[in-house]
Amino acid sequence: MKEIKIFAPATIANISCGFDVLGCCLDTIGDEMVIRKSPKKGVKIIKIVGMDLPYKTNNNVAGVAALALLDKLEKEIDFGFEIEIYKKIKPGSGIGSSAASAAGVVFAINELLEKPFSKIELVEFARKGEELACGSPIADNVAPAIFGGFTLVNNTDPLSILQLPTLKDLYATIIHPQIEIKTSDSRAVLPNKIPLEDGVKQWANVGAFVHALHTNDYDLLSDSLTDYVVEPYRSKLIPEFNKIKKNALKEGALGCGISGSGPSIFTFSRGIQIANNVLDKLSSIFHNTHIESHHYVSKINTQGIKILSIK
Ligand code: HSE
């Protein structure tokens, strides 16, 4: 195996009640990456198509994640890796752009090396890329990209990830207003302390959300999709957020919240028909403003990163 081409999926982090711990993997939105062995040792980014991102290995999230993996190899290898990134997920979109690059590269290198590392180790390497991107080694986007489906980061040190079940007919609708919100800025608006009563409501919701996934309970899932802690602060950064949410719920969505650190907004629906109706309704809201928006409907991707070809 000399070269591998992969699909590196977009992800939704936080999922309303699960700030920094819950995430899920999407199917129809993602980057492509080609990673090949090269005679020259080390990691070199040779091509980036679609977005203006740094080529210098140490300044690129994929480069940093790849170096973290190579650093942990037990035996020294006498070759290196070249990376081509075909970027479709815009940085600062809230649907895991940096995570797709960081998770994608470590998954691909692991395949080329015949899988010396476990999924949890790959998440550990990938979150070094997240640290470069936003200043914190968050794992709630890279975990679902690598594990697929829904994941819960149940410990950060040592890192521990729970893979959760998904609901068969669950679809996500994503509305991405074309403004950039940096994760670091979106984290900066959050308070360091939260009132105890908000904490109580929030962790009750996380428990209910996880229970809903295990019991296939769409109503409970819907009830649990409320964020008392983060959304009140971050929603102010997103134009039309309250109108979008109100209309999504009116259209039959199970819940609506900020995807990751925004500005993307996600909704969950039972069945593709409702998810498409929600998309039509919500996209018309941005049509009436000066802000362009992109929209997607996706089933939950239970596989995570996909191999497109191997040579
Ligand atoms: N949990 C992170 C945050 C995700 O909300 O800051 C960033 O996409």
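The table below lists the values:
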quantity: Built amide H within the under 5 Å cut-off of Ser16, gap 5+; calculated: Ile258
quantity: Proximal lysines to Lys306, defined as alpha-carbon separation beneath 18 angstrom and excluding residues fewer than eight positions away on the same chain; calculated: Lys2, Lys5, Lys87, Lys88, Lys115, Lys119
quantity: Whether region 246-311 is rounded, prolate or oblate, judged on the alpha carbon gyration tensor where a/c under 1.5 counts as rounded; calculated: prolate
quantity: Overall form of region 128-214 per C-alpha gyration tensor (a/c, 1.5; a/b vs b/c); calculated: rounded
quantity: GNM top mover of Thr57, Thr11, Thr151 - the chain, alpha-carbon springs below 10 Å; calculated: Thr57
quantity: Cleavage-rule hits, GluC sites (Glu not before Pro), region 13-105, DSSP coil, Cβ neighbours within 10 Å at most 14; calculated: Glu74, Glu76
quantity: Length released on extending from Ile291 to Asn216, taking residue separation times 0.36 nm less the Cα-Cα span; calculated: 23.3 nm
quantity: Computed lengthening from Lys246 to Lys182, 0.36 nm per intervening residue step minus Cα-Cα distance; calculated: 20.5 nm
quantity: For the chain, accessible area per residue (1.4 Å probe, heavy atoms of protein chains only), Å²; calculated: 44
quantity: Segment Asn192-Ala204, length gained on full extension (0.36 nm per residue, minus Cα span); calculated: 2.3 nm
quantity: Gaussian network model of the chain, springs between alpha carbon atoms under 10 Å - residue of Leu220, Leu249, Leu159 with greatest fluctuation; calculated: Leu159
quantity: Helix-only CD estimate at 222 nm, as mean residue ellipticity for the chain, using -39500 (n - 2.57) per DSSP H run (n ≥ 4); calculated: -11000 deg cm²/dmol
quantity: Cα-based convex hull volume of the chain per residue, rounded to whole Å³; calculated: 121
quantity: Calculated FRET efficiency for the pair Lys75/Val49, C-beta based, R₀ 45 Å, to 0.05; calculated: 0.85
quantity: Tensor-based shape of region 170-299 (alpha-carbon gyration tensor, a/c under 1.5 rounded, otherwise prolate or oblate); calculated: oblate
quantity: Region 130-139 - phi-based ³J(HN,Hα) in whole Hz, Karplus 6.51/-1.76/1.60, Gly and Pro as x; calculated: 4, 5, 5, 5, 10, x, 10, x, 5, 10
quantity: Sites Leu308 and Lys236 - FRET efficiency at Förster radius 35 Å, r taken between beta-carbons, to 0.05; calculated: 0.30
quantity: Proximal charge balance of Ile272 [Cβ under 13 Å; K/R count +1, D/E count -1]; calculated: 0
quantity: Ranked by how many other beta carbons lie within 10 Å on average, peptides 107-119, 184-196 from highest; calculated: 107-119, 184-196
quantity: Highest-MSF residue in the chain out of Phe266, Phe79, Phe241 [GNM, Cα springs under 10 Å]; calculated: Phe79
quantity: Cα centroid separation - region 152-167 against region 5-56, whole Å; calculated: 20
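The values are calculated or read from the model by the stated rules, or taken from the named source; none is laboratory data. Here the structure is a predicted model, which is why all the values come from computation and not from measurement. Every residue, glycine among them, receives a Cβ derived from its backbone with ideal geometry; neighbour counts consider all protein chains shown. In case anyone asks, the SASA skips ligands and DNA or RNA and just uses the protein heavy atoms, side chains included. Shrake-Rupley method; radii C 1.70, N 1.55, O 1.52, S 1.80 Å.
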